[in-house]
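Trainee: Attaching a single structure in structure tokens format; questions to follow.
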Amino acid sequence: MYLPCLGCSELLVSERGEACRLGYPCFMLSTLDWGIVAAYFALALGVGLWASKQAKSDAAGYFLAGRNMPWWLLGVSMVATTFSTDTPNLVTDLVRQQGVSGNWAWWAFLLTGMVTVFVYARLWRRSGVLTDISFYELRYGGRPAAFLRGFRALYLGLVFNVLVMATVSLAAIKLGGILLGWPGWLTLLVTCSITLAYSVLGGLRAVILTDFVQFILAMVGSVWAASWILGLPEVGGLEGLLSHPDVQPKLSMLPDLSDPDAWIPMLLIPLAVQWWSSYYPGAEPGGGGYIAQRMFSARDEGHAVGATLLFNVAHYALRPWPWILVALASIVIFPDLDALRQAFPAIAEDKVGHDLAYPAMLSLLPSGLLGLVAASLLAAFMSTMSTQLNLGASYLVHDFYGRFIRPDASERQRVVAGQVATGVSLVIGAGLGLTLTDAGQAFNLLLLLGAGTGGLFLLRWFWWRISAWTEVAAMLISLVVAAYFTWAHDAWTDMALAPWEKLVWGTGITTAGWLLSAFCLPHESPKVLRAFVQRTGVGGPGWSRWADESSAREATSPPVSRGLLQAFLGSVAVYAALLATGSGLYGDASLAAGLAALAGLAGWGVLKLQTSTHAS
């Protein structure tokens, strides 16, 4: 029987590995591979349908899984959501163009995550809100707060959320084009239909439970795939890979510190500016988005802290190296874009980028393993999409429809509205994904859209001067600045700016704008601020201008200084573990041992401080 070769779409191969008419090796999936993919689809749908029977019919049950989820399940769900199909593609793009050190563009977000764990997680869980958008009318008062809540619900629920879904849809399109031989629309139709089914029926509970299955499958697939690819004769094992002349310049885990053009954009800007200034999905300064949603779903404050800690450890210390090794091996097999074009002539020209190299490498896997990895990456895509769908629907329903359109809507009507919003968002997000071309392009746009607003999100918990008007000013300034640097600056001036330069300018302009507005625009009334402190227990010198003795006694959160010290030690522990793993793979046993010891020591410090926090 003759089947289509995914390299050229010719019906001229009878078994995997045979050359087609154009001379390309056959990349088709075997019957076993298709069986594994189909089995995963059935499993995901089955878990989702089972979870739908457990889902409650009220809004809290649908959007927050009843607020009784354990830390380990929530932590795994967070990790699964951040592991989308576009994540290994982005890592591959960074490694091929900038080397391993290019990953500091996202490794820097660990700092945001650790601050969220030890400073903000308890506060978010204690707030008792259903979404982080609802926070606006807890922290602020009056019509400005209501406007901000409604506008942010539409902006994050539709515009920002759709853009995130589009970026992961782009990666799924490239994956389906290479490994399944499907056009983009077919890949999205099949995967999104299944995702929509369990997301609509089961709400967040179904999303979290399927995330658990998807994470296990994704981790097994990525590690096994990396091991197999290293064993390819062209790669020559780990030793052969590390000694390859084209790979060696890409190996350093730190950029060249003697070259400012390398270390400033790749290390200094991410660690000094990007981590706190940009609102990026999964790494929102102070927590937000689906991270906040998972914290709201936790059984209590302790489970919220444990979930976010597990997420940050697994996301940064556990997962990156299998992707990095495959990315390095891709330099050997597909050294440039022309090699990718020649190997996959059926792929549209506008979809050929360095991020395509990851699914291209997976096409070399043997039957069975290819099906497992294909299923794992489709699982990663569906995990992210289901979370974004449920999160976006919660914004649109709870913070817009239920707040402004139908305040008297019953719980059942709110759930139905959420199901409708889920379907509409999916269609728009997947459709936009068909128009994007590059994972790095979307990553930079998302960073620029939120540049400069992060500092406000960190300080609004601890500085009474920040008001709803401050947030409105920050939001409008950041949108104008992002639009200018994305579409106008290079066309209107002769001075082209690199993405990191646009980020710095955007951060500086937006931050200066909202800081000025905090002093010039009206601040919240003491009544609103006092109610906020009494609800969350937050304290510190930022409230001293208005706090009285009675409200000061309500401050029950651990000292911010202790949380920041824990965040610092936690970051040291995870970074040391990450670099220790790399050093071990590179064969530097002494450095790996030293970094592992540092990770253990810093981790002990975190636990010691956590114990003292509970004791006090």
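The values are calculated or read from the model by the stated rules, or taken from the named source; none is laboratory data. Keep in mind it's a predicted model, so treat the numbers as computed, not measured. Neighbour counts are summed over all protein chains in view; Cβ atoms, including those assigned to glycine, are modelled from backbone coordinates with ideal geometry. In case anyone asks, the SASA skips ligands and DNA or RNA and just uses the protein heavy atoms, side chains included. Shrake-Rupley method; radii C 1.70, N 1.55, O 1.52, S 1.80 Å.
Trainee: Using only C-alpha positions, report the orientation-averaged shadow area of the convex hull of the chain, nm², one decimal.
Mentor: 27.6
Trainee: Another question, if that's okay. Roll a 1.4 angstrom probe over the protein heavy atoms and tell me the percent of accessible area of the chain that is carbon or sulfur.
Mentor: 66
Trainee: Let me ask something else about it. Could you bin all the Cα-Cα distances of region 224-339 into 5 Å bins starting at 0 and give me the percent of pairs in each, rounded to whole numbers?
Mentor: 2, 9, 13, 14, 15, 14, 13, 11, 6, 3, 0
Trainee: Mind putting a number on the dipole of the chain about its Cα centre? Charges go on the C-beta only, +1 for Lys and Arg and -1 for Asp and Glu, and I need it in Debye to the nearest 20. Before the final figure, lay out each step's value.
Mentor: Working: 35 positive and 37 negative charges, 510 e Å.
Roughly 2440 debye for the chain.
Trainee: Kindly provide the Kirkwood hydrodynamic radius of region 121-236 in Å, to one decimal, from all pairs of distinct alpha carbon atoms.
Mentor: Evaluated over region 121-236, this radius sits at 18.1 Å.
Trainee: Determine the per residue accessible area of region 337-416 with all protein chains present and a 1.4 angstrom probe, expressed in square angstrom. Before the final figure, lay out each step's value.
Mentor: Numbers: 2320 Å² over 80 residues.
Accessible surface, normalised per residue, equals 29 Å².
Trainee: Mean Kyte-Doolittle of at least -0.5 plus a Cα span of 27 Å or more along the axis: flag which DSSP H helices in the chain meet both, please.
Mentor: 31-54, 184-230, 369-396, 411-433, 499-520, 560-585, 589-615
Trainee: Suppose we take every Cα in region 308-371 and form the convex hull; what volume per residue is that in Å³? Don't skip to the end; give the middle numbers.
Mentor: Working: hull volume 7.8 nm³, N = 64.
Per-residue hull volume (Cα only) is 122 Å³.
Trainee: For the chain, how many pairs of lysine residues have a Cα-Cα distance under 29 Å, where the two are 8 or more positions apart or belong to different chains?
Mentor: 6
Trainee: Give me the percent relative contact order of region 128-246, please, defined on Cα pairs under 8 angstrom at least 6 residues apart.
Mentor: 9
Trainee: Please compute the net charge surrounding PHE568, taking Lys and Arg as +1 and Asp and Glu as -1 over other residues with Cβ under 15 Å from its Cβ.
Mentor: +2
Trainee: I've got another one for you. Give me the orientation-averaged projected area of the Cα convex hull of region 320-439, in nm², one decimal.
Mentor: 9.9
Trainee: At a threshold of 8 angstrom on Cα-Cα distance, excluding pairs fewer than six apart, so keeping six or more, what relative contact order does region 457-551 reach in percent?
Mentor: 48
Trainee: Hey, what did the chain get for relative contact order, percent, Cα under 8 Å, at least 6 apart?
Mentor: Values: 1051 pairs, mean separation 151.4, N = 616.
The normalised contact order for the chain reaches 25 percent.
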